[in-house]
Structures are given as C-alpha cells and as structure tokens.
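Here's the structure we're looking at; comments come further down.
The values are calculated or read from the model by the stated rules, or taken from the named source; none is laboratory data. All of these numbers come straight from a predicted model, not from anything done at the bench. Ideal geometry is used to build each Cβ from the backbone, glycine not excepted, and the neighbour counts take in all protein chains shown.
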Amino acid sequence: MTQNPLKHCPENPQLSCSNMEVIILGAGAIGSLYGAKLSQRNSVTLIGKKEHVDTINTNGLQVTGYENKKYALRAATEIKTIKSKTLIILTTKIYDSGSAIKKILDKIRKDTVILCLQNGYGSEEIVKKIIHNKCIVLRGITAVGTSFLEPGKIKMNNVGYTSIENSVASKELAENFSSCGLKAFVAKNIKEEIWKKLILNCMLNPLTTILKIKNSEAVQPLLISLVTKIAQECVAVAKKDGVDFDKRIIDETIERLKKSDNLSSMYQDIMKGKRTEIDFLNGAVVELGKKYGVDCPINESLVVMIKYLESGK
C-alpha cells in the first residue's frame, strides 16, 4: 500500500492533522494569504522578498478586506532546510517555477509534497520535469482573490475555494486547509478544474489590463460578445485537449465574473511594471490550438497586446 508522506496523526474525520510543516514558496498576495490562514494550525514559513519578510518577522502579517486580522508567522528569503513530511506550496509566478525549484532541489526529500497553486496551464509539468519523481508533485487551483498592498500587508477580496489533485496525501491536505478557513476539496478531475480556471483567466485578465477596468466590468453588456468569443476559442481547444465542457460553462463563468470586484493579477502586474503570465494563459491556449488545429485569432491578438504593454512602449 502506498504510504501517505504527510501522515503523522490518527485517522479521525473530526481531526484535521494539524501542525503540518508548511513552506510557502513565493510569498506574494496569494502565498501570503495561504501562509497566514494555514499558520492557525500548522508550522508555516513564508519565503519572499526581503522587505516583506522583514516586516512580517517584526510586525506580523496584516490581512485586510474580507477579514481584518494580524498573523504572527515566520518568514525568510530562502529555504535553508526542509524538514521531514513538509508541504511546499508553490505560489511563485509560473515563469519562476523552474528557478525556484532548482534552488531547493538538493534539499527536497522523498516525503516532501509540492503543491503547485498557480494560475495558467502546465505549472505542475514544469516542476515534475525538474523533480524527476523525487517526491509527490500535485496541482491545485485557487479561486481566492487577493491583492498585495505593501510589505507586510495584503487584502483578502473573497474566500473562494481550493481544489487539490487527487493523491494519497490530498484528503488530509483538503481537511487541513478547510479547518484553517480555506475551503478545500479533492478534485474529481483536476484537468477540468485547470481548464475552468484557465477559461476564466483568459476571459478576464487581458481585457481588464488593456482597458484598465475592474474584473466585473469585463462582462458589462458592451463587452459580452467579445468575452464570449474569447471563451468559445478556449472551450474548443479544451475539447481537443480532452475536456469537453457543456455550453453552460461560458454563462456560468460570466456570472462568476459579475461578482468579482477586484483587479486582476495581470492588471496589477502591468501597473507594477512586472512581467505577466500571458504566455501560460491565452498564450497557452494559442499554442495548444496550433497543436490541435484550432484557430484562436482573438486570444492571439490579446497576447500581442499584452506583450506590447509589457514592453513599456
């Protein structure tokens, strides 16, 4: 029987196996929030930039918005050691996944579990190619909305959910997350969950960035036709990729976006002069479209426009 590398408490559906060793690799907005919430029951270390780390170690991490609470937890700029049965939650930008994992490759243990909790298509595959079966690598999807306000301070925009790829360790992780206020479940089909989030991001991120609008404004009547066409291209590629969505997926996603009043991560990146994840969102759809023979002219145009904004011209 396969052993659960995280198992260190009795089987009991009422207990959530607290005091897990957790490292958040990439303490931006999402990573910081997950670290804060999980620190209520677990031993958590945030890995982030020096100013953010120093502020957290001195004054704690302030979470505002949906809740107003300060969390005391450890933070560091690098991972020096990885203890036995540690969960590493990878929340870097997807284009930094490879370099982040390579830096700690010699420290990763057989009983380590890496949960890739990122936007985009294929983040877990990047990690698996580097890890070479050295430990379990799982994909997760988050629908939690956050914003990074300043070092030591983030905003929680909504509660959302976390879906985790099915594995021997997943049930325990989901229970632990849920007990900390992060609604989590084990996905029946993680690829379908990845595509659901990808379609939403492709509809949302480029338009909000180009037009400088909030998420909910991307589905205003004037833009619905364009948003729908973006999604239709994504759905056509998803079908070729093995995920056949009901037509209702587009309407359901539009309804979700109507309730989202924060700024997209891509819009925030452009405002800060950072590289975006466009290559792993609409760009991934375009590349998969080429692979499967599905034309994606609208998504391709959005990629070009975001690349232009990235260039700062």
>> Any residue in the stretch 34-59 that is without any contact (Cβ under 8 Å) to a residue 24 or more places away in the chain sitting within a Cβ distance under 7 Å of a residue that is surrounded by 16 or more Cβ atoms within 10 Å (Cβ to Cβ)? List the pairs, counting only those 6 or more apart or interchain.
In response: Asn57/Ala75
> Take the residues of the stretch 288-311 that are in contact with a Gly (Cβ under 9 Å, 6 or more places away or on another chain) and not in a helix (DSSP H, G or I): which is surrounded by the fewest Cβ atoms within 10 Å (Cβ to Cβ)?
Replying inline: Asp295
>> Quick check on this structure: which one of Ser39, Ser32, Ser43 is hydroxyl-bearing (Ser, Thr, Tyr), over 20 Å from the mean Cα position of the chain (by Cα) and assigned by TED's automatic domain parsing to the domain that holds Thr81?
In response: Ser43
>> Can you tell me which residue is nearest to the chain's Cα centre (by Cα) among those in the stretch 69-88 that are surrounded by 20 or more Cβ atoms within 10 Å (Cβ to Cβ) and touching a residue at least 60 places away in the same chain (Cβ under 8 Å)?
In response: Ile88
>> Filter the stretch 78-134 down to the residues that are part of a helix (DSSP H, G or I), out of contact with any Asp or Glu (no Cβ under 9 Å at 6 or more places or on another chain) and β-branched (Val, Ile, Thr) and list them by number.
In response: Ile101, Ile126, Val127, Ile130, Ile131
> With respect to Lys259, is the statement that it is surrounded by fewer than 16 Cβ atoms within 10 Å (Cβ to Cβ) and modelled with pLDDT under 95 true?
Replying inline: yes
> Looking at the stretch 51-68, is at least one residue surrounded by 22 or more Cβ atoms within 10 Å (Cβ to Cβ), at pLDDT below 95, touching a Lys or Arg at 6+ places or on another chain (Cβ under 8 Å) and not in a helix (DSSP H, G or I)?
Replying inline: no
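Quickly run through the stretch 236-269 and pick out the residues that are in a loop (DSSP other than H, G, I, E, B) and not basic (Lys, Arg). It would help to see each step written out before you state the result.
In the first step, residues of the stretch 236-269 are kept if they are in a loop (DSSP other than H, G, I, E, B); the result is 241-247, 259-264.
Result: Asp241, Gly242, Val243, Asp244, Phe245, Asp246, Ser260, Asp261, Asn262, Leu263, Ser264.
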>> Looking at the stretch 272-296 only, could you name the residues that are farther than 15 Å from Trp195 by Cα and more than 20 Å from the chain's Cα centre (by Cα)?
In response: Gly273, Lys290, Lys291, Tyr292, Gly293, Val294, Asp295, Cys296
> How many residues are charged (D, E, K, R) and in contact with a strand residue (DSSP E or B) (Cβ under 9 Å, 6 or more places away or on another chain) if we restrict to the stretch 126-149?
Replying inline: 2
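Which of the residues that make up the stretch 197-229 are closer than 30 Å to Asn166 by Cα and buried (at least 21 other Cβ atoms within 10 Å of the Cβ)? Give the derivation first.
Of all residues in the stretch 197-229, those closer than 30 Å to Asn166 by Cα come to 197-205.
Correct list: Leu198, Ile199, Leu200, Asn201, Cys202, Met203, Leu204, Asn205.
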> Mind checking which residues of the stretch 150-164 are free of Cβ contacts under 8 Å to residues at least 40 places away in the same chain and either buried (at least 19 other Cβ atoms within 10 Å of the Cβ) or in contact with a Ser or Thr (Cβ under 7 Å, 6 or more places away or on another chain) (or both)?
Replying inline: Gly160, Ser163
> Just checking, how many residues over the stretch 270-287 are crowded, with 19+ Cβ neighbours inside 10 Å, assigned to a helix (DSSP H, G or I) and either in contact with a His (Cβ under 6 Å, 6 or more places away or on another chain) or in contact (Cβ under 8 Å) with a residue 24 or more places away in the chain (or both)?
Replying inline: 6
> Quick one: how many residues across the stretch 135-191 are hydroxyl-bearing (Ser, Thr, Tyr) and not in a strand (DSSP E or B)?
Replying inline: 5
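Which of the residues that make up the stretch 132-149 are touching a residue at least 12 places away in the same chain (Cβ under 8 Å) and surrounded by fewer than 17 Cβ atoms within 10 Å (Cβ to Cβ)? Walk me through it before giving the result.
Residues of the stretch 132-149 touching a residue at least 12 places away in the same chain (Cβ under 8 Å): 134-149.
Within the stretch 132-149, Lys134, Leu149 meet the criteria.
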> What single numbered condition from (1) out of contact with any strand residue (DSSP E or B) (no Cβ under 8 Å at 6 or more places or on another chain); (2) in the same structural domain as Asn157 (by TED's automatic domain parsing); (3) of a type in the set (S, T, N, Q) fails to hold for Ser178?
Replying inline: (1)
